[in-house]
Amino acid sequence: GAFHWNLERASSVVLIPLISTQLVFGAFPVVDGLLGVLLRYLNVGLESCITDYIPKRVYPRLNKAANWTLFGSTGLVMWGCYEFNTNDVGLTEFAQRIWGA
């Protein structure tokens, strides 16, 4: 329990310099990569929601299905971030375009 809590807080703290770096220096490939990797740790918070609201001892099959769905969708998001960063404008440039629109 404490490891997950610390991981959630650490990922939140790491977002501050990543986003401020993007705002100060503009689109930067390293920041795009780090943001793509950090999005994986959002999985930890959603996993806590599954643990709280779909307990394994009460709903064993639904808990397993929810966890598989979560990890599958997390993998797809990671793959999408990789593709977006390597074959398109990247996450930070996309964010700048959205804010500028």
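The residues on offer are Asn6, Asn63, Asn43, Asn67, and the sole one that is polar (S, T, N, Q), open to solvent by 70 Å² or more (accessible area, probe 1.4 Å) and either at pLDDT below 80 or more than 28 Å from Ile98 (Cβ to Cβ) (or both) is Asn6. If we keep just the residues of the range 16-40 that are closer than 26 Å to Thr69 by Cα and open to solvent by 60 Å² or more (accessible area, probe 1.4 Å), which is nearest to the chain's Cα centre (by Cα)? Ranking the candidates gives Leu39 first. Restricting the range 46-60 to residues that are of a type in the set (Val, Ile, Thr) and not in a loop (DSSP other than H, G, I, E, B) leaves a set whose member that is surrounded by the most Cβ atoms within 10 Å (Cβ to Cβ) is Ile50.
Any residue at all in the range 42-55 that is aromatic (Phe, Trp, Tyr) and touching a Leu at 6+ places or on another chain (Cβ under 8 Å)?
no
For the range 89-97, the criterion of being of a type in the set (Ser, Thr, Tyr), part of a helix (DSSP H, G or I) and open to solvent by 90 Å² or more (accessible area, probe 1.4 Å) is met by none of the residues.
Checking the stated criteria, Thr86 turns out not to satisfy the condition of being part of a helix (DSSP H, G or I), open to solvent by less than 40 Å² (accessible area, probe 1.4 Å) and modelled with pLDDT under 90.
The values are calculated or read from the model by the stated rules, or taken from the named source; none is laboratory data. Keep in mind that what you see is a predicted model, and the values were worked out from it rather than measured. Here Cβ is always computed from backbone atoms with ideal geometry, including for glycine, and neighbour counts include all displayed protein chains. Note: areas computed on protein heavy atoms with side chains; ligands, DNA, RNA excluded. Shrake-Rupley method; radii C 1.70, N 1.55, O 1.52, S 1.80 Å.
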